[in-house]
Amino acid sequence: MADQDRDTRLVRIDDLRRCLAVAFERLQLTREDAEGLAGLLLDSELRGHPDHGVAVLGVLATFYRDGTLNPRPRVGVLHETDGAILLDGDRGCGPGAPTRAMRWCIERARERKGMAVAAVRDWQLLVAAPYARLAAEAGMIGFACTNFVPLVAPPGGRTAVFGTNPFAYGLPAQHHQPVVLDVATTVSAMQKVRIAAQEGRPMPEGVIFDHAGRPITDPGAFLEGGLMAPLGTPQAPHKGFGLALFIDALSGVLSGAGFARGVTSGASGNFLWALDVEAFLPRQEFLERMDAQIDQITQGERLPGIDELLVPGERGQRRYLDLTARGVVPLAPSSWQTLAMGCESLAVPPPAVLDN
């Protein structure tokens, strides 16, 4: 058994949720917002994305303490039409404003038998998938994206202009689980580099550069002002950079939030939409056609040594369903260390560790 596996802590889901919620309440969030943010981090852990799980507790605590993030945001409507809404997030973080925005999109799209869009100005989304999934679970096609602090230079340049700028889509199906893809427009998420630095292990080649734009594998050097590699690096970095530009235009330029080099930690923008499939096909027919599409993917011929073919998000969904049925979640050593340090600094008891 690997050292990482031996050092993994197994905790009850409910214990971890309560622990995180109390920690965020200590940072002056309302109980509702604290529980929502705790649930968001827990969802990432359950789906196998620890870089967006409890590992971000320390970063968020710093942002709340130094005023970058507002623990008591007053979210308001800046502009609303029949099919679009713009919200001011007031430097908040978590599921509050984007959930409100996506639910508005779902309701309006259903009423209109078409599409509805939303933007949220000055709000830290953290993870895009839950909002695209929200639309898919309502039988609609969903999309969510956000921009981020500059970490990516244009191909041939070394001045960071765009962030990792992730986006997610959600597609409903009938017998299959919704297909949900959540990806950064960089080769890796930035938080994965932070975790690698914490664990003292190198990053794979082609993921990060130093401040001069030279390829490196040392995550510590990246944290001293380095750059992230766009998707498609090294053969076609223009693809990822072009996607980052598009996400920045939707999330930042269009919403009135910070954009490009003007994005700061508390000034990200977000863009979301929901599309009612009945604008084109009867819902049942669309869902059946989605099932057929998924079947063609998973039932195709496999390469030697491959047990099965999966659609985006399927592995994480299976893990989520398995762990929630068992009521437990494993925490990697780096995640547990971050959680323990955060709990100590906020005077919150950590969750009890179970026998693996």
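Anyone know which of 107, 205, 308 comes out most mobile in the 10 Å Cα GNM of the chain? Per the Cα network of the chain with a 10 Å cutoff, 308 tops the list.
Along the chain, the longest continuous region that contains none of the trypsin sites (Lys or Arg not before Pro) in a DSSP loop with at most 12 other C-beta atoms within 10 Å is 114-301.
With n ≥ 4 as the cut-off for DSSP H runs, can you work out [θ] at 222 nm for the chain, using -39500 (n - 2.57) per run divided by the number of residues, rounded to the nearest 500?
For the chain, the value works out to -12000 deg cm²/dmol.
Classify the chain from the C-alpha gyration tensor, please: rounded if a/c falls under 1.5, else prolate or oblate depending on whether a/b exceeds b/c. Rounded is the answer for the chain, as its axis ratio a/c remains below 1.5.
Using the Kirkwood radius over Cα pairs, work out the Stokes-Einstein diffusion coefficient for region 136-279 at 25 °C and 0.890 mPa s, in µm²/s as a whole number.
The calculation lands on 154 µm²/s.
For residue 199, the accessible area of its heavy atoms, probed at 1.4 Å with every protein chain present, is near 60 square angstrom. Label-to-label distance for residue 99 and residue 281 is 3.1 nm, based on points extended 7 Å past Cα in the beta-carbon direction.
Set the Förster radius R0 to 30 Å, insert the Cβ-Cβ distance between residue 65 and residue 137 as r into 1/(1 + (r/R0)^6), and round the FRET efficiency to 0.05.
After rounding, the FRET efficiency stands at 0.30.
A 1.4 Å probe run over the protein chains yields, for region 25-182, 39 Å² of accessible area per residue, whole-number rounding.
Dipole check for the chain: with +1 at the C-beta of Lys and Arg, -1 at the C-beta of Asp and Glu, and the Cα centre as origin, the magnitude is about 580 Debye. Between 200, 165, 330, the Cα set farthest toward the positive side of the dipole of the chain (charges on each charged residue's Cβ, about the Cα centre) is that of 165. Of the residues 221, 267, 118, the one that moves most in a GNM of the chain with alpha-carbon contacts below 10 Å is 221.
For residue 85, the residues whose modelled amide H falls within less than 5 Å of its own, excluding neighbours fewer than 5 places apart on the same chain, are 117, 118, 119. A Cβ-based charge dipole, computed about the Cα centre of region 80-195 with Lys and Arg at +1 and Asp and Glu at -1, lands at about 260 debye. So how much slack lies between residue 254 and residue 210, counting 0.36 nm per residue of separation and subtracting their Cα-Cα distance, in nm? Extending this stretch completely gives an extra 12.7 nm. When +1 charges are put on Lys and Arg Cβ atoms and -1 charges on Asp and Glu Cβ atoms, the dipole computed for region 253-317 relative to its Cα centre reaches about 540 debye. Which one of 82, 210, 307 has the biggest mean-square fluctuation once the chain is modelled by GNM with Cα springs under 10 Å? Result for the chain, Cα springs under 10 Å: 307 fluctuates most. Oblate is the label for region 248-306. Its Cα gyration tensor axes, ordered a ≥ b ≥ c, give a/c of at least 1.5 and b/c at or above a/b.
At an R0 of 35 angstrom, the distance between the Cβ atoms of residue 174 and residue 18 translates into a FRET efficiency of 0.45. Considering only the Cα atoms of region 200-328, their convex hull presents on average a projected area of 13.8 nm². Computed from the C-beta positions of residue 113 and residue 81, the FRET efficiency with R₀ = 25 Å rounds to 0.90. Could you tell me which of rounded, prolate or oblate describes region 107-162, using a ≥ b ≥ c as the square roots of the eigenvalues of the alpha-carbon gyration tensor, with rounded for a/c under 1.5 and, failing that, prolate when a/b is larger than b/c and oblate otherwise? Since a/c reaches 1.5 and a/b is larger than b/c, the shape of region 107-162 is classed as prolate.
The values are calculated or read from the model by the stated rules, or taken from the named source; none is laboratory data. Every value quoted in this text rests on a predicted model; they were computed, and no experiment measured them. Cβ: placed from backbone, ideal geometry, glycine included. Neighbour counts: every protein chain shown. Quick note on the areas: whole protein, heavy atoms, side chains included, nothing else; ligands and nucleic acids left out. Shrake-Rupley method; radii C 1.70, N 1.55, O 1.52, S 1.80 Å.
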